Amino acid sequence: MRNYITMCSLLLLAVSTVAITGCKGKKMDEPEKVFGLQSYYELIHEGSNSNHEIKEVIIVNSQEELLAQFAQINSTRKPGLEIPEINFKRETVVFAYGGQQTTGGYFIDIPEIEDEKDLTHFNFELKREKGDMVTMSLTTPFKIIKVKHDDKKITASF
């Protein structure tokens, strides 16, 4: 019985030590700390065929711009991707195009988001996993996200 109490005490001490030193003074109420970077946006679509050959980011603030971007993406799809309902008074849509690539396996990542008082900036990155088996055809990777702008300016870049 005495060994059991000693073991429980040591376990409680170890858990307490990890809990106290594990936080390292970081504010846990910040969204990116609690929920990750995905808390800043909602993924609408991503894929490997956007029909957009230039590597660029396009920020869409109107229904007309949204329809034009989806028209290009859906030009070779039957059926096409569903066009989402967007409230442009509160939301912005960001299209990140990875440009034309000679093989498959590429994807677009968002490794960093800079959230300032009047601005939220999304840093996109074109990535490819090393050693993966991929299709040997031209691809045009893309990612589409929806962002609540809350009177902030939304910017993005590769």
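The values are calculated or read from the model by the stated rules, or taken from the named source; none is laboratory data. The structure displayed is predicted, hence computed values, not measured ones. Counting neighbours? That spans all protein chains shown, and the Cβs are built from the backbone with ideal geometry, glycine included.
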Worksheet item: When you look at G99, is it among the small types (G, A, S) and either exposed (fewer than 15 other Cβ atoms within 10 Å of the Cβ) or in contact with an Asp or Glu (Cβ under 8 Å, 6 or more places away or on another chain) (or both), yes or no?
Response: yes
Worksheet, complete the sentence: Of the conditions (1) of a type outside the set (A, V, I, L, M); (2) surrounded by fewer than 15 Cβ atoms within 10 Å (Cβ to Cβ); (3) over 20 Å from F122 (Cα atoms); (4) over 19 Å from the mean Cα position of the chain (by Cα), the single one that P84 does not satisfy is (4)
Practice prompt. Consider L126 carefully, then state whether it is surrounded by 15 or more Cβ atoms within 10 Å (Cβ to Cβ) and either within 21 Å of V57 (Cβ to Cβ) or at pLDDT below 95 (or both).
Written response: yes
Item to complete: Would you be able to tell me the number of residues in segment 72-95 that are assigned to a loop (DSSP other than H, G, I, E, B) and aliphatic (A, V, I, L, M)?
Response: 3
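Taking the conditions exactly as written (more than 29 Å from D150 (Cβ to Cβ) and modelled with pLDDT under 95), does P111 satisfy them or not?
So P111 does not fit the description; no.
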Worksheet item: Name the residues in segment 138-151 that are modelled with pLDDT under 95 and either surrounded by fewer than 11 Cβ atoms within 10 Å (Cβ to Cβ) or not in a strand (DSSP E or B) (or both), would you?
Response: H149, D150, D151
Worksheet item: Which ones in segment 102-116 are part of a loop (DSSP other than H, G, I, E, B) and within 19 Å of I59 (Cβ to Cβ)?
Response: E116
Practice prompt. Please give the number of the condition I108 fails out of (1) of a type in the set (A, V, I, L, M); (2) in contact with a Lys or Arg (Cβ under 9 Å, 6 or more places away or on another chain); (3) exposed (fewer than 14 other Cβ atoms within 10 Å of the Cβ).
Written response: (3)
